[in-house]
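Q: The structure is given below, and queries will be raised subsequently.
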Amino acid sequence: MMQMAEQTEEENIEALWQEYEREKTVAVRNRIAEYYLPLVRLVAGRIAISLPQHVDREDLLSSGFFGLLDAIERYELARGNKFETYAGVRVRGAMLDHLRAKDWVPVSVRQNIKKYEKTVAQLEGELGRAATDKELAEELNLSIEELHHLESQVSAATVIPLEEYLRADTQASLEDGPVEHAEWTEVKETLAAAIEKLPEKERTVIALYYYDEMTLKEIAAILHLSEARISQLHTKAIFRMRGSLARMNDVE
């Protein structure tokens, strides 16, 4: 019975897409949007994991919904690309744009982010490998405890920053020409190489978080570490990979 219900739903959404292709009415668009609302909630849930409590989740859902409407209006049925993949990129992008516009990160934390990011990029560029906590702390003139506190501050402001890099190539393949697609392929290859160079625990956190789509809490349980420690490892990995991207841009 359940399988029959799923088939009926699929048939219904296909019929709606066909109808919308013939005559792009607001009524049909809204019915399609209603069908894909769970996708908006799913993306919002993943982004919300990394956000402070004071960020309004309803605002996130609202911006994602407008991203969904934009995706429906731009989607070309004839191209045969999967809508969920295309819409996921649009919805996520709309939410991240909303967060940037809100500028919810305090100035002091933003300054710390820039200092930390610059230090990681420069130090690891010189070393040609991942810097240890001790090396980072010395470069920043901090104790190990102070370094960990800084990383805790910074981690709340990362907002799944690599989502744009790890998934945006999907949008490039759907919308852009061969030159743009080649550029995104280069970004993906650079990130893949950067991930391979990460210390084992950081590499595991990135794989479980971005590819297996686990929460930080679930990863903490698997690795038998605190959620705060997983957050620190996530932050370190993020800035190491950002440094790799920055060095790639410097070469160009």
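Q: If Glu84 satisfies all but one of (1) open to solvent by 70 Å² or more (accessible area, probe 1.4 Å); (2) at pLDDT below 85, what's the number of the condition it fails?
A: (2)
Q: Next up: Which condition number does Gln153 fail, the rest of (1) modelled with pLDDT of 75 or more; (2) in contact with a Ser or Thr (Cβ under 9 Å, 6 or more places away or on another chain) being met?
A: Failed condition: (1).
Q: Continuing with this model, one more query. Which of the residues spanning the range 70-86 are touching a helix residue (DSSP H, G or I) at 6+ places or on another chain (Cβ under 6 Å) and among the hydrophobic types (A, V, I, L, M, F, W, C)?
A: Within the range 70-86, Ala71, Ile72, Leu77 qualify.
Q: Mind checking which residues of the range 189-223 are in a loop (DSSP other than H, G, I, E, B) and either assigned by the TED database to the domain that holds Val43 or of a type in the set (Val, Ile, Thr) (or both)?
A: Thr215
Q: Further question: Taking the condition in the same structural domain as Glu202 (by the TED database), under 30 Å from Asn30 (Cα atoms) and at pLDDT below 80, does Val159 pass?
A: Numbers: in the same structural domain as Glu202 (by the TED database): yes; under 30 Å from Asn30 (Cα atoms): yes; at pLDDT below 80: yes.
Here the answer is yes, as Val159 does meet what is asked.
Q: Of Ala101, Ala131, which residue is aliphatic (A, V, I, L, M) and surrounded by 15 or more Cβ atoms within 10 Å (Cβ to Cβ)?
A: Answer to the check: Ala131.
Q: Continuing with this model, one more query. Within the range 64-94, how many residues are among the basic types (Lys, Arg) and within 15 Å of Tyr20 (Cβ to Cβ)?
A: Initial filter on the range 64-94 (among the basic types (Lys, Arg)): 74, 79, 82, 90, 92.
Those still in the list that are within 15 Å of Tyr20 (Cβ to Cβ) too: 74, 79.
Of the residues in that region, 2 qualify.
Q: Within the range 19-40, track down each residue that is aromatic (Phe, Trp, Tyr) and not in a helix (DSSP H, G or I).
A: Passing the criteria: only Tyr36.
Q: I've got another one for you. Of the residues Thr185, Thr132, Thr119, only one is at pLDDT below 65 and within 29 Å of Glu200 (Cα to Cα); which?
A: Thr185
The values are calculated or read from the model by the stated rules, or taken from the named source; none is laboratory data. Since the structure is predicted, the reported quantities are computational estimates derived from the model, not experimental observations. Backbone-built Cβ (ideal geometry, glycine too); neighbour counts: all protein chains shown. Heavy atoms of the whole protein, side chains included, go into the accessibility calculation; ligands, DNA and RNA do not. Shrake-Rupley method; radii C 1.70, N 1.55, O 1.52, S 1.80 Å.
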